Amino acid sequence: MKIALLGYGKMGKMIEKIALDRKHEIVLKIDRDNADELTAENLQKADVAIEFSTPSTVLQNIELCFKAGTPVVVGTTGWHNEMTQIQQQCGHYNASMIYGTNFSVGVNIFFHLNKMLAMIMNSYPYYEVQVEEIHHTQKLDSPSGTAITIADGIISNLDAKAQWKNVLVSDDHPNNETIATDELLIESLRIENVPGTHTVIYDSEVDTIEFKHTAHNRNGFALGAVLAAEWIKDRKGFHSIEEMFDFNKQ
Ligand SMILES: NC(=O)c1ccc[n+]([C@@H]2O[C@H](COP(=O)([O-])OP(=O)(O)OC[C@H]3O[C@@H](n4cnc5c(N)ncnc54)[C@H](O)[C@@H]3O)[C@@H](O)[C@H]2O)c1
């Protein structure tokens, strides 16, 4: 398969390595310095594009893929509010796209179990729930896209919560925000050189249940992105990574 890499930072480089190991070919690499080479003509040389750039460049790059008719895997986070607009655009151009806030198998298992746990916790309303996410200090968006997916999974299954509220905390800035009872708190911490960690915490007077995922490195995200490229190549429409990991079938 011929792949275009849109974004050649930490993830782009890791994806290149895994794609080559899986006998794919990289026909285009776009980064900040050569963004002008991202043309329809160049994109059409690829069977699939894999987009891991920045929140401020992702929307434009997706639209270019739609116009070129090149299926696109999007891993960039931080554009959650534009989701409906992109879905409509995808339909308008009869294009192909798969999006995931997190492409790792482990996190997708976590997403699935998180929803099941939220459903169970409806029967135990004396537990208060919150989400905590910790990432390295270079991360541009907050809360993480993964934390948003976790929060959405809780809100759609736990009657007590209607929306999430994010608070960025640090040693200097502890959380002093007031959280309404129907709001789900997402606490974000940014710490030097740490692996990405997501924890769902159900706390009561008598005990605490913690459900936690820790990423040891980026290989899992990169492999998932290449698998998603293989999956989307011959499909049309807007797809989410959950469709690729259909745990309900098992
Ligand atoms: N979905 C997932 O599984 C997953 C996993 C890890 C990271 N991410 C997300 O992926 C994105 C990239 O992460 P990263 O760690 O590789 O970041 P990074 O900062 O290392 O790389 C981003 C790259 O995008 C480049 N860029 C800037 N403008 C561009 C443009 N117009 N076109 C193409 N590239 C351009 C930058 O030069 C940089 O090299 C972030 O949004 C991150 O949150 C998602």
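The values are calculated or read from the model by the stated rules, or taken from the named source; none is laboratory data. Note that the structure is a prediction, hence the values are computed from the model and not measured. We place every Cβ from the backbone using ideal geometry, glycine too, and count neighbours over all the protein chains shown. With ligands, DNA and RNA removed, areas are computed over all heavy atoms of the protein, side chains included. Shrake-Rupley method; radii C 1.70, N 1.55, O 1.52, S 1.80 Å.
The table for this structure:
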| item | result |
| --- | --- |
| Residue match in the range 180-196 (condition: touching a residue at least 60 places away in the same chain (Cβ under 8 Å), under 23 Å from residue 112 (Cβ atoms) and not basic (Lys, Arg)) | yes |
| Check on residue 58, farther than 17 Å from residue 223 by Cβ and open to solvent by 10 Å² or more (accessible area, probe 1.4 Å) | no |
| Selection count where residues are without any contact (Cβ under 8 Å) to a residue 24 or more places away in the chain and under 15 Å from the mean Cα position of the chain (by Cα), scope the range 30-86 | 4 |
| Extreme residue, farthest from residue 195 (Cα to Cα), among residues of the range 146-177 that are open to solvent by 30 Å² or more (accessible area, probe 1.4 Å) and of a type in the set (Ser, Thr, Tyr) | 156 |
| Within the range 204-230, tally of residues that are aromatic (Phe, Trp, Tyr) and surrounded by fewer than 19 Cβ atoms within 10 Å (Cβ to Cβ) | 1 |
